[in-house]
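Enquirer: Have a look at this one before I ask anything.
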Amino acid sequence: MQTLFAYEQCVEANNTLAQDLIKERFSPDLNSMEVQDKPLLKEKKSEALSLYKKLLVNKKVNESEDARVNSVVEEAIKLCHSSNKKDFSFLKKNLVAEVEKINQRYYEVLGLLIAFADVGKSDKKIDHSNFLKNGFITALRKDEAVQGLLLKTNATWDNNRLLVKDWFRDVIKTDKVYLEYVKGDVPGENEQKDIIKHIVRKLILGETVINDFFAERDIRWTEDHNIVKSLADKTLKSLNPEQGTIQLQKLSMDWEDDLVFMDILFEKTTQIEQSNKDLIARNTKNWEVDRLPLTDRIILEMAITELINFPAIPVKVTINEYIELTKNYSTPKSAKFVNGILDVIAKELVASGVVKKSGRGLIDNK
């Protein structure tokens, strides 16, 4: 959704640049020694802008009788389309990279736990043995898959040792729960898990300078934060104390399938047919599609795209997912607004045969 939002902003900016090109082409040449016919230039500029706007949505519009107007409009159209194409390619590629970045942050959290233990070894003032011998830390160290991924993704924090030391001194060693843990008796299995959960949730991903560090590097951290926390929690739950092993978590159960889903949803939403835009317009009570809040419009177009192109996803599942998106990203009243519109649109699309569910999608096709 965020990527589609960015794309729509790019389209709007490219449209503005194309119109600016037309305005510039029909502006008086201040360096010319010849007399400029300003009224005529103004007239041609107006004609060119009008033709450009019509051609942008309808290729069958009649051309101007003025060859120069046609030439400038053609140049503007090409500029707009080529810019949109570049932005589409970049954002589509970046979409996958941004999702994969969540795994990187997950590995960095695991790597940071090991890095903290390394710093604790050299501390002469406090005995951190309870933390250094923690079953989860030990499992992380000896797991070859973990060590390999940390090295491969550069999540070992080797390049930020001074920063890690500062965090250990200012965040970890000043935390009462942590100090009670390291100064107490040899901790049991539950205590070992509890301290790791506390460090991850409250000290690394809580309201601390460590979490601020992640947020400053990742503009999507607000969304990614909870996913990373969930992955870390599941990894901790997978700890087998007797065998000293853990199970690394997957962001996706079927990454290849999810890649196809993202690719189709992004591409098809950017190419949504005018008939479906008209469908939105008919059901938004005095709202033209282009006047809807951009977030709401994108959510509605994504939902329609998913309804049409993914027959295995039940109708209600799609509607509920996009209502949740609306609650998180749009105005307080938008969720009810989107819910009502999607319900009507879904029924119309199913009744007309445009939406055809198969497989598990048939479980709920109402």
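Enquirer: Looking at region 257-366, what helices (runs of 4 or more DSSP H) fall wholly within it and have at least 1 residues that are at pLDDT below 85 and closer than 23 Å to Asn58 by Cβ? Write out each step before concluding.
Expert: Values: elements: 274-282, 294-309, 315-329, 334-352.
Answer list for region 257-366: 274-282.
Enquirer: Another question, then. Restrict the check to region 31-45 and report whether at least one residue is modelled with pLDDT of 90 or more and small (Gly, Ala, Ser).
Expert: No - not one qualifying residue is present in region 31-45.
Listed here are the residues, each with its yes/no results for (1) over 30 Å from Asp224 (Cβ atoms); (2) assigned by TED's automatic domain parsing to the domain that holds Arg297; (3) touching a residue at least 12 places away in the same chain (Cβ under 8 Å); (4) charged (D, E, K, R).
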residue: Glu8; (1), (2), (3), (4): no, no, yes, yes
residue: Glu12; (1), (2), (3), (4): no, no, no, yes
residue: Asn15; (1), (2), (3), (4): yes, no, yes, no
residue: Glu24; (1), (2), (3), (4): yes, no, no, yes
residue: Val35; (1), (2), (3), (4): yes, no, no, no
residue: Lys38; (1), (2), (3), (4): yes, no, no, yes
residue: Glu43; (1), (2), (3), (4): yes, no, no, yes
residue: Ala48; (1), (2), (3), (4): yes, no, yes, no
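Enquirer: Quick one: in region 197-247, which of the residues that are modelled with pLDDT under 95, among the acidic types (Asp, Glu) and in contact with a helix residue (DSSP H, G or I) (Cβ under 9 Å, 6 or more places away or on another chain) is farthest from Lys173 (Cα to Cα)?
Expert: Glu223
Enquirer: Residues that are out of contact with any Ser or Thr (no Cβ under 7 Å at 6 or more places or on another chain) and of a type in the set (Val, Ile, Thr): list the helices (runs of 4 or more DSSP H) wholly contained in region 97-215 that include at least 1 such residues. Walk me through it before giving the result.
Expert: Numbers: elements: 129-132, 135-142, 144-152, 161-167, 176-183, 189-198.
In region 97-215, 135-142, 144-152, 161-167, 176-183, 189-198 are the helices (runs of 4 or more DSSP H) which contain 1 or more residues that are out of contact with any Ser or Thr (no Cβ under 7 Å at 6 or more places or on another chain) and of a type in the set (Val, Ile, Thr).
This table checks each residue for (1) crowded, with 17+ Cβ neighbours inside 10 Å; (2) free of Cβ contacts under 8 Å to residues at least 24 places away in the same chain; (3) of a type in the set (Asp, Glu); (4) assigned by TED's automatic domain parsing to the domain that holds Trp167.
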residue: Ala67; (1), (2), (3), (4): no, yes, no, no
residue: Val73; (1), (2), (3), (4): yes, no, no, no
residue: Ser83; (1), (2), (3), (4): yes, no, no, no
residue: Lys86; (1), (2), (3), (4): no, yes, no, no
residue: Arg105; (1), (2), (3), (4): yes, no, no, yes
residue: Val109; (1), (2), (3), (4): yes, no, no, yes
residue: Leu112; (1), (2), (3), (4): yes, no, no, yes
residue: Phe116; (1), (2), (3), (4): yes, no, no, yes
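Enquirer: While we're looking at this one, here's another question. I need the full set of residues from region 1-34 which are of a type in the set (A, V, I, L, M, F, W, C), more than 23 Å from Asp66 (Cα to Cα) and in a helix (DSSP H, G or I), in order please.
Expert: Leu4, Phe5, Ala6, Cys10, Val11, Ala13 - these are the residues of region 1-34 that are of a type in the set (A, V, I, L, M, F, W, C), more than 23 Å from Asp66 (Cα to Cα) and in a helix (DSSP H, G or I).
Enquirer: Which one of the conditions (1) buried (at least 22 other Cβ atoms within 10 Å of the Cβ); (2) touching a Lys or Arg at 6+ places or on another chain (Cβ under 7 Å) does Thr326 fail to meet, given that it meets all the rest?
Expert: Condition (2) is where Thr326 drops out.
Enquirer: What tally of residues in region 216-250 results from selecting those that are part of a helix (DSSP H, G or I), among the acidic types (Asp, Glu) and either more than 22 Å from Asn328 (Cα to Cα) or in contact with a Phe, Trp or Tyr (Cβ under 9 Å, 6 or more places away or on another chain) (or both)?
Expert: 2
Enquirer: Could I ask something else about it? Limited to region 235-280, what total is found for residues that are surrounded by 15 or more Cβ atoms within 10 Å (Cβ to Cβ) and either touching a Cys at 6+ places or on another chain (Cβ under 6 Å) or free of Cβ contacts under 8 Å to residues at least 40 places away in the same chain (or both)?
Expert: Here the count works out to 3.
The values are calculated or read from the model by the stated rules, or taken from the named source; none is laboratory data. Everything numeric here is computed off the predicted structure, so don't read it as measured data. Methodologically, a virtual Cβ is constructed for each residue, glycine included, from the backbone with ideal geometry; neighbour enumeration extends over all protein chains shown.
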